[in-house]
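Report on the structure given below.
The values are calculated or read from the model by the stated rules, or taken from the named source; none is laboratory data. All of these numbers come straight from a predicted model, not from anything done at the bench. Ideal geometry is used to build each Cβ from the backbone, glycine not excepted, and the neighbour counts take in all protein chains shown. Areas reflect the complete protein model, heavy atoms only, side chains present, ligands, DNA and RNA absent. Shrake-Rupley method; radii C 1.70, N 1.55, O 1.52, S 1.80 Å.
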Amino acid sequence: MKNRLLLLFIISIFIIIFIIFYKGLKNTNVYTPDITINKEVPSFSSELFYSNEVIKSKEIFDLDKFYLLNIWSSWCVPCRQEHSSLMDLMKIKKIKIIGLNYKDTKKNAESFLSELGNPFHQIIFDKEGINAIEWGAYGVPESFLIYDRKIIKKYIGPLNKQSIKEIKFLIK
Amino acid sequence: MLFSVIGHYSLILGLFIGLILIFFSIKNFRNSINLDTKILSFTFLQFILVVVSFLCLILSFVFSDFSNETVFNNSHTTKPLFYKISGTWGNHEGSLLLWLLVLTLFIFLFLIKTKDQPTKYKILTLVFQQVIIIGFFVFLIKTSNPFNYLYPIPEEGLGLNPILQDPALAIHPPILYLGYVGSSIIFSSALAATSLNMISKKWASHIKKWVLISWVFLTLGILLGSIWAYYELGWGGFWFWDPVENVSLMPWLALTTLLHCVLVLEKKLVLTSWVIILSISTFTLSMCGTFLVRSGILNSVHTFANDPERGLFILIFLFSLIFISLFIFFFFHKPNQSNLNNFFWLSKETSIIINNWFMMYFLSVVLVGTVYPIFLDVLTSEKISVGPPFYHKLIIPFLIPFLLIMAIGPKLKWIKSNLEDKVYLISLLFISFLLSFLIVKNFNSNFLINTILISSALYLFFVTLRDFFIKKKNNISQNIAHFGFSLLILSILFNSLFSTEIITNLKVGETFETSTTKIIFKNINQKKETNYKSIVGNFSIQNSNGKIDNLSPELRIYNQPNIVTSEADIKTTLLSDKFLVINLVQNQDYFNVRYQVKPFMLWIWLSVLLISSGALISLFKKEYEK
């Protein structure tokens, strides 16, 4: 009899542990949205880098226009390498580059831009890395080509000459 | 392409063989005197099928077959061959295939190596092991198939996480798994023995071999992981109380306790419940670890993919195993009460039991520290993390009695004894205390606890050291292991007490000077390898007595995927390690330089090797005596 009670007790403890693990699994802090090609850009509101004002995604991306959203950070070495390509792309009037500054400090990011130049039309300041998650980013750097508020193409890793060529071709 | 198909179908066949095996086992269970040869050959076939499947995956990696999703996600053509191969188990799918490989290997070895045990017992062990194996087959095929097909075939893969591209880490998973997953056989056979009510001295000496094998591999696996963290993560520590480390430490503590219980059980028929519960918990803790790191509940290098479906599967599977084992334990296990009364307080088994309780205490501290943040997050959605201070506060004070009992326990006899040569033991205690007082004298912080802690570790050190010379008939393997343990604790203590660190920012050509050390940043070189570019900083370090060391830490910029890692340069000598690591300071010409002198680093690794060799000697001594 005593044994049965003990068994019941242990089982109920394990059931509680199970439930807690199960719930932990559900509200897992790792957040993986699936962004596929031709999907609408996620709607979000975020802080702008220079003015600190909060802006909605609809205000950033107009319909009928090309945008390149580039996720970058001052601590990211490949970003440095890709920066010249962005500066190059900036010269084209047809496309606007939107920067998403990822998990960075303002001071470092500013000196990064003053050193290498600022190709960005607007910069979203994403200190916590939450906006990047909404975009379904894997890491830095990463770029999304956007037209008509839809993601046409996603580039994981730094942009190189070839991908710039491709972007130029796509926006024609 | 071809390999993926072969590998995939081998897995499905393996699953079917598992089902066939359970069917045969149940059929043969009642009327068998000898083990059916069919069972043996099917077990062998299942093992071979998993081997084939594993080889197929390795070959897909070697030939960079990017039509295979796993290969695409974790490999790249420019990677050296060695890392292509080790990439096979450097990801979720491949490492689960390795799980399966070890599971099938161990049951096959168990069946051919176990000779003098009843057939029923062997069959039942096989059934329990097959339940685990089938569970993992289904898990692998359904949620994490390593042979998923990709079309159109990508031209290039995404590459392996560069911090995993390291020789120590390439062999760390297989070694660790042999211990981690090897404990499954202990689990299965303990359940089988309990159901048949045949836990005896004979069974204890039979299971001891398997406990020792798992234990050695688990210890070495943890050691490799720790060495890797030391030189690769660049923080200069070797143990961070990271959840991933903790989940490997928990089965280790359970297994170590089990090992000691089995030793008692082998001599005297006591502690049967301990042995069963520990056999069950070692494996369930291993599974629990897999759940925690793979489900994405915890984040770490080992979280390869965050797929809640996978987590859910392991969770349900884990709890089914726990409930099955609880059921078997409560309904089949009949504890023999008679022996319990014979316990005398001053005896070997009493000292083992006391230290078992200490081990269980350490285990629960680690368990609470690891799981508590998850519980808190679920119940109150507050996020906290439990750091080293928690573990240190709760574990260190209890190490003192633990070490003392470890020193005195083996001197006692079984059942009832008097302490022999008291004079020696007491004088050694006195010497250790005096010595540790002299060592710690110059430190102000935590003076008392450090003195006592070091003296108890020194005490164990001296007692075990002396035993090497006096008693010929002494248990040499135990003595080596305990000696190694005292060395480990001493090295860790001295390491943490006497480590020094200098952190500064330097430009090329600059010099940094303190009263004892002069760091000169001479120049930087650039190197280009196939899978990364690197910046090597050349430093020369001069200490107070004029000795100059040249250290060249490295920053590696991997091309696929594009990640920077910093490789510390470490000069290892017998007495201390000199550790130098650099990092880029953003947008400036400065490098962040960290220089550490870490005494007795080498001895931490060596003492763990010594502890393992104690277990190895015990294992081979058994084989030899037969």
Is it the case that the range B:568-576 has a residue that's over 30 Å from B:W210 (Cβ atoms), open to solvent by less than 50 Å² (accessible area, probe 1.4 Å) and out of contact with any helix residue (DSSP H, G or I) (no Cβ under 8 Å at 6 or more places or on another chain)?
yes
Is it true that A:E110 is open to solvent by 60 Å² or more (accessible area, probe 1.4 Å), in contact (Cβ under 8 Å) with a residue 24 or more places away in the chain and either in a loop (DSSP other than H, G, I, E, B) or within 13 Å of chain B (Cβ to nearest Cβ) (or both)?
no
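Against the definition (open to solvent by 50 Å² or more (accessible area, probe 1.4 Å) and outside any strand (DSSP E or B)), how does A:I92 come out, yes or no?
Numbers: open to solvent by 50 Å² or more (accessible area, probe 1.4 Å): no; outside any strand (DSSP E or B): yes.
Criteria not met by A:I92.
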Looking at the range A:125-143, is at least one residue more than 14 Å from every other protein chain (Cβ to nearest Cβ), in contact (Cβ under 8 Å) with a residue 12 or more places away in the chain, touching a Ser or Thr at 6+ places or on another chain (Cβ under 8 Å) and under 27 Å from B:G159 (Cβ atoms)?
yes
Check B:F521, B:F579 and return the single one that is at pLDDT 85 or above, over 26 Å from B:F238 (Cα atoms), surrounded by 19 or more Cβ atoms within 10 Å (Cβ to Cβ) and touching a Phe, Trp or Tyr at 6+ places or on another chain (Cβ under 9 Å).
B:F521
Lone qualifier among B:I431, B:I439, B:I395, B:I400 - being more than 14 Å from chain A (Cβ to nearest Cβ), open to solvent by 40 Å² or more (accessible area, probe 1.4 Å) and modelled with pLDDT of 85 or more:
B:I431
Return yes or no: is B:L363 part of a helix (DSSP H, G or I), within 12 Å of another protein chain (Cβ to nearest Cβ), at pLDDT 90 or above and in contact with a Leu (Cβ under 9 Å, 6 or more places away or on another chain)?
no
Go through (1) under 28 Å from the mean Cα position of the chain (by Cα); (2) in a helix (DSSP H, G or I); (3) buried (at least 16 other Cβ atoms within 10 Å of the Cβ) and name the single condition B:F42 misses.
(1)
Among the residues that make up the range B:245-262, is at least one of them among the hydroxyl-bearing types (S, T, Y), open to solvent by 10 Å² or more (accessible area, probe 1.4 Å) and more than 29 Å from B:K115 (Cβ to Cβ)?
yes
I'd like to check something: does the range A:130-148 contain any residue that is surrounded by 21 or more Cβ atoms within 10 Å (Cβ to Cβ), within 15 Å of A:E47 (Cβ to Cβ) and charged (D, E, K, R)?
no
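Test A:F120 against the criterion of being under 12 Å from A:I71 (Cα atoms) and either open to solvent by 50 Å² or more (accessible area, probe 1.4 Å) or in a loop (DSSP other than H, G, I, E, B) (or both), and give yes or no. Show your work before the answer.
Working: under 12 Å from A:I71 (Cα atoms): yes; either open to solvent by 50 Å² or more (accessible area, probe 1.4 Å) or in a loop (DSSP other than H, G, I, E, B) (or both): yes.
So A:F120 passes the test.
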